[in-house]
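> Have a look at the structure that comes next, please.
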Amino acid sequence: MLSGECMDLIDSTSATRDLQIFHTKNHSFSRFFTNVRDGYPELLRVALPLILSTSSLTLTLFVDRLMLSWHGIADVAAVTPGGITYFTICCFFQGTAQYTNALVALRHGAGDKIGCSRVVWQGIWFSLISFPFLMASIPLGCWVLGNTGHAPGLIELEKEYFRILMYSSVALPLNAALSSFFSGRGRTMPVLVGNLIGNIGNIVLDYLLIFGNLGFPEMGIKGAAIATAATNFFPTVYWAFLFLGKRFQREFRTRQEVRLDKASFLTLLRFGLPSGAQFFLDIGAFTAFVLIVGKISETDLAVTNIALSIETLSFLPMVGLSTATCAIVGKYIGSGKVDIAEQRVWCAIGIALLYTGTMATFFWVAPEYLLKLFKPYQETQADFEPLMTRGVVLVRIIAVYTLFDTIFIIFNGALKGAGDTRFAMWAQVIVAWVFFVPPVYVIVTYFEFGVFAAWFCLLLYVIGIGTIFWLRFRSGYWKSIQVY
């Protein structure tokens, strides 16, 4: 039997330990609540201009496709194969230059202002170096479009659209590098302004050149390509003017850091090239999907292009949120606050699912309303009915997969901000190019299952890639990566 004094001592020690555990748990909960409470305002402050920026691009692409659909079904059928081939070739270089965003965020988090300017210049140098490779790839893109099996008249429209866009291709990586100076530091309003300048200009030129309004020649799809190519450089000029201006020169020495810095450039290549490769593989998979679907029929290609245009209403705003997530993760990792970085990612997921959940409900409930917007003026409702019937099914598939696509987009941005770019690249290789593109090709080419079977494969692919990136983030491996 223990004495009364011993029992009192044990009870006192136990009570003290329980009180310490309570305070520890209460402190953890309090810190979690504080991080989430502070996280939403910070995330929205950084992300909202980027979301509005990509939303304006969404509107521009939507209006672009809408105007072309009014001009003719052949135009809207050709614009996505031509445009996505152009973007696929560019996206490797754009995705690499875009990693400047994460590097600026890391330097900003560490308090290195001069380092922010230095890494932006490395992104600019990489973009300029990429230009000859982009021009040399024009014959390759024309060859790809020429071997899609599409109708000869359609192929010529696709090639024309593609060639014109390629002359402005260097603007994509340049814009990615220049805008990263602002987005990487969480100053995203200039990004919004620059993109609005380009997008509004594109809509105006579309109106003038597609239909030949106000005395301009009617050029159809060629006019749409010229409008896009010209306005690609509008944000470039605006961001370069700000970046090199007196304000940032005084604080960040933006004009002194113009040199090619070996260490910084190699860091960009080390983490940026896998990021660019992953972006290329992702977009390349969708390009292959669109080109394969085009082998079924022109109607199936047109309805696929329209459905994917509708999907941009949910997809592109989340790209802006992903860019903000990448920058915020990089900032807190650069300042040694990994736990806050993690909490900010979960805040981003909450915002993203709220938005895409709303859009998914709209897609499921009212697909006919969106599809009717794309009916050409010259077609009767009876002529448009086959496209409408297929389109309803495809838009409802989008309603399901857009939720998983959102999960992929946000976690992909978070992992990039932490430097986990090699995993993203290899995951994309395996999932997209082993379990997605080959099955779509086989079921369309050999089994002739049609457009719905192809889109079901797309649904499985997006569910799979979203789940994999969620599990990777949950594993916590990204916390141990050293970028600098």
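> Have a look at I328, I306 and point out the one that is within 15 Å of W455 (Cβ to Cβ), in a helix (DSSP H, G or I) and not basic (K, R).
Step by step, each of I328, I306 is checked, and only I306 is within 15 Å of W455 (Cβ to Cβ), in a helix (DSSP H, G or I) and not basic (K, R).
> A further question on this structure: Would you mind finding the one in V444, V431, V395, V400 that is under 22 Å from L308 (Cα atoms), in contact with a Pro (Cβ under 6 Å, 6 or more places away or on another chain) and not basic (K, R)?
Exactly one of V444, V431, V395, V400 is under 22 Å from L308 (Cα atoms), in contact with a Pro (Cβ under 6 Å, 6 or more places away or on another chain) and not basic (K, R), namely V395.
> Further, regarding this structure: Could you check A418 against (1) modelled with pLDDT under 95; (2) of a type outside the set (S, T, N, Q); (3) under 22 Å from the mean Cα position of the chain (by Cα); (4) crowded, with 17+ Cβ neighbours inside 10 Å and say which number it fails?
Among (1) modelled with pLDDT under 95; (2) of a type outside the set (S, T, N, Q); (3) under 22 Å from the mean Cα position of the chain (by Cα); (4) crowded, with 17+ Cβ neighbours inside 10 Å, A418 violates only (1).
> Considering only segment 69-95, state which residues are more than 14 Å from M135 (Cα to Cα) and among the β-branched types (V, I, T).
If the condition is that a residue be more than 14 Å from M135 (Cα to Cα) and among the β-branched types (V, I, T), then I73, V76, V79, T80, I84 are the ones that fit.
> For segment 374-412, give me each residue that is farther than 20 Å from L460 by Cα and modelled with pLDDT of 85 or more.
E385, L387, M388, T389
Conditions tested, residue by residue: (1) crowded, with 19+ Cβ neighbours inside 10 Å; (2) of a type in the set (F, W, Y).
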{"site": "I398", "(1), (2)": "yes, no"}
{"site": "I409", "(1), (2)": "yes, no"}
{"site": "A427", "(1), (2)": "yes, no"}
{"site": "V434", "(1), (2)": "no, no"}
{"site": "F473", "(1), (2)": "yes, yes"}
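> Residues of segment 369-391 being under 16 Å from M67 (Cβ atoms) and of a type in the set (K, R), which ones?
Selection gives K372, K375.
> Let me ask another. Looking for something more than 19 Å from V319 (Cβ to Cβ), crowded, with 21+ Cβ neighbours inside 10 Å and charged (D, E, K, R) - is there at least one such residue anywhere in segment 367-388?
no
> Now, a different point. With respect to the numbered conditions (1) out of contact with any helix residue (DSSP H, G or I) (no Cβ under 8 Å at 6 or more places or on another chain); (2) of a type outside the set (D, E, K, R); (3) part of a helix (DSSP H, G or I), which one is the sole condition not fulfilled by G149?
Of (1) out of contact with any helix residue (DSSP H, G or I) (no Cβ under 8 Å at 6 or more places or on another chain); (2) of a type outside the set (D, E, K, R); (3) part of a helix (DSSP H, G or I), only one is false for G149: (3).
> If only one of V434, V440, V483 is in contact with a Cys (Cβ under 6 Å, 6 or more places away or on another chain) and not basic (K, R), which one is it?
After applying the criteria, what remains is V440.
> Which condition from (1) over 30 Å from G417 (Cβ atoms); (2) buried (at least 20 other Cβ atoms within 10 Å of the Cβ); (3) in contact (Cβ under 8 Å) with a residue 60 or more places away in the chain; (4) of a type outside the set (K, R) is the one that T325 breaks?
Only one criterion in (1) over 30 Å from G417 (Cβ atoms); (2) buried (at least 20 other Cβ atoms within 10 Å of the Cβ); (3) in contact (Cβ under 8 Å) with a residue 60 or more places away in the chain; (4) of a type outside the set (K, R) is unmet by T325, namely (1).
> Can you pull out the residues in segment 240-268 that are under 30 Å from Y86 (Cβ atoms), more than 20 Å from the chain's Cα centre (by Cα) and in contact (Cβ under 8 Å) with a residue 12 or more places away in the chain?
Residues satisfying the conditions are A240, L242, F243, V258, L260, S264, F265, T267.
> Quickly run through segment 344-362 and pick out the residues that are buried (at least 21 other Cβ atoms within 10 Å of the Cβ) and over 14 Å from the mean Cα position of the chain (by Cα).
Within segment 344-362, R344, V345, C347, A348, I351, T356, M359 qualify.
> Oh, and also: May I ask you to say which residue of L66, L59 is modelled with pLDDT under 75 and not β-branched (V, I, T)?
Of the residues listed, the single one that is modelled with pLDDT under 75 and not β-branched (V, I, T) is L59.
> Taking segment 286-304 on its own, how many of its residues are more than 16 Å from P438 (Cβ to Cβ) and either in contact with a strand residue (DSSP E or B) (Cβ under 8 Å, 6 or more places away or on another chain) or small (G, A, S) (or both)?
The number of residues fulfilling the criteria is 3.
> Okay, next question. Here are some residues: T85, T96. Which one is assigned to a helix (DSSP H, G or I), more than 30 Å from E251 (Cβ to Cβ), polar (S, T, N, Q) and in contact (Cβ under 8 Å) with a residue 40 or more places away in the chain?
Criteria check complete, one pass: T85.
> Going through segment 104-146 one residue at a time, which ones are outside any helix (DSSP H, G or I) and under 30 Å from E298 (Cβ atoms)?
Of everything in segment 104-146, just one residue is outside any helix (DSSP H, G or I) and under 30 Å from E298 (Cβ atoms), namely S137.
> Is it fair to say N232 is over 30 Å from P386 (Cα atoms) and at pLDDT below 95?
Yes: the conditions hold for N232.
The values are calculated or read from the model by the stated rules, or taken from the named source; none is laboratory data. It should be emphasised that the depicted structure is a prediction, and the values quoted were computed from it without experimental measurement. With ideal geometry, Cβ positions are generated from the backbone for all residues, glycine too; neighbour counts draw on all protein chains shown.
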